[in-house]
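Below: one structure, written as structure tokens.
All of the numbers you see were taken from the coordinates with simple rules; none came from a lab. If you're wondering where the values come from, they're calculated on a predicted model, not measured in any experiment. We place every Cβ from the backbone using ideal geometry, glycine too, and count neighbours over all the protein chains shown.
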Amino acid sequence: MGKVIPFPPVSKSDAMRIASTKLAEEVRDLPMTCHSTRPENCTPFLARVPTEPCWYVYAPWDDEKEVFALRSSRLILVGKLTGTIFHDGSAGDEG
């Protein structure tokens, strides 16, 4: 019998809600996007490797309303099984 992949206990909307807890109050009304797999141009340097599949949430930096700069996107990796945040930092997509 083939491997059974259960429906992820952490839904896409759950991942967005979990990621939003990391945002400063001033930017919580700015849009975020969520991907079920790693986007092609996303190459984050991870201090710790996720131990489970993750949601890739692109979120605003906490100073987004005040600063205009060319920089990497903010990426928050949320575990699909536990809701653990494995990364909150650069998506490595600059350039």
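Some observations on this one:
- Any hit, the stretch 72-79, residues being free of Cβ contacts under 8 Å to residues at least 12 places away in the same chain and surrounded by fewer than 18 Cβ atoms within 10 Å (Cβ to Cβ): no
- Scanning the stretch 35-62 for residues being free of Cβ contacts under 8 Å to residues at least 12 places away in the same chain and either within 19 Å of K22 (Cα to Cα) or touching a Lys or Arg at 6+ places or on another chain (Cβ under 8 Å) (or both) gives a total of 0.
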